[in-house]
Amino acid sequence: PQPVEERLYIKNPERLRLQRSVDQEVYVEKYGLWASGHEKALQRGSGPLPELLATLLFPGGKTPEESLERIVTQVKAAGVDLTVVSYGRMGETVAYVIGGKPEEPGKNQIWLAKDSLLPIRTLFYREVQGQQVRFEAQYTEYSTPMTADWLPQVMRYYENGELVRDAEVVRVQINQDLPESLFDVR
């Protein structure tokens, strides 16, 4: 209910760190590997990346073909069927829905805005303690004066349809010399 300061660090290519100031929780990803937990005791995650934003926006690779290959590898690892593509709509935005038809139960999906190919939604179904849980992320308000064309200003996260995190970018700093240690996946 109370706003919590979080810092989101993104380093090109494919490195992301989300750090909460209140409880010191950290989520880090680097080249398809991820870890989460407290700063001093990060636990390496298993399975696909839970968050694909850095991979979709800033894929690795020296050529466009290598970058596309990195995206395809991570999206497939997340369980998205790349052979199924349809159209959907999120608010006023028309999107390509990759992985299934809109709201198709149990199908992992990536939604890309039709006009820009920027990610606007991800839907993943994962088994947690024997039960299937629906994880959804929505990325909106691109092209604002603060975030330019490459970062969403608003990010909302849901579990089984219930909002669990509502994040808004309030300050952006670019071209920072971020140390690699910020993105260590121990």
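The values are calculated or read from the model by the stated rules, or taken from the named source; none is laboratory data. Predicted model only: the values in this text are computed from it and were never measured. Cβ sites come from the backbone with ideal geometry, for glycine too, and all protein chains shown count toward neighbours. These area figures cover heavy atoms from the full protein model, side chains too; ligands, DNA and RNA do not enter into them. Shrake-Rupley method; radii C 1.70, N 1.55, O 1.52, S 1.80 Å.
Listed values, structure above:
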read-out	value
Pairs with Cβ under 6 Å, 6+ apart, first in region 79-100 and farther than 15 Å from TYR125 by Cα and touching a residue at least 12 places away in the same chain (Cβ under 8 Å), second in a strand (DSSP E or B) and of a type in the set (D, E, K, R)	MET90/ARG121
Every residue from region 126-153 that is open to solvent by 80 Å² or more (accessible area, probe 1.4 Å) and among the hydrophobic types (A, V, I, L, M, F, W, C)	TRP150
Close pairs from region 155-178: first farther than 22 Å from PRO13 by Cα, partner surrounded by 11 or more Cβ atoms within 10 Å (Cβ to Cβ) and aromatic (Phe, Trp, Tyr), Cβ under 7 Å, at least 6 apart	GLU159/PHE135; VAL164/TYR157; VAL164/TYR158; ARG165/TYR157
Total residues in region 76-105, condition within 20 Å of PRO50 (Cα to Cα), hydrophobic (A, V, I, L, M, F, W, C) and at pLDDT 95 or above	4
Candidate set: region 12-31, residues that are modelled with pLDDT under 90 and surrounded by 14 or more Cβ atoms within 10 Å (Cβ to Cβ); chosen: the one nearest to GLY79 (Cα to Cα)	GLU25
Some residue of region 63-81 being closer than 25 Å to GLN153 by Cβ, among the hydroxyl-bearing types (Ser, Thr, Tyr) and in a helix (DSSP H, G or I)	yes
Tally of residues being modelled with pLDDT under 95 and among the basic types (Lys, Arg) across region 106-117	1
Unmet criterion (only one of (1) over 28 Å from GLU162 (Cβ atoms); (2) in contact with a strand residue (DSSP E or B) (Cβ under 7 Å, 6 or more places away or on another chain)) for THR63	(2)
Condition broken by GLU103, with the remaining ones in (1) farther than 26 Å from GLY32 by Cα; (2) in a strand (DSSP E or B) satisfied	(2)
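Table: residues versus (1) of a type in the set (Lys, Arg); (2) under 14 Å from the mean Cα position of the chain (by Cα); (3) more than 17 Å from VAL80 (Cα to Cα); (4) open to solvent by less than 40 Å² (accessible area, probe 1.4 Å).
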| residue | (1), (2), (3), (4) |
| --- | --- |
| GLN109 | no, yes, no, yes |
| ILE120 | no, yes, no, yes |
| PHE124 | no, yes, no, yes |
| MET155 | no, yes, yes, yes |
| ASP166 | no, yes, yes, no |
| PRO179 | no, no, yes, no |
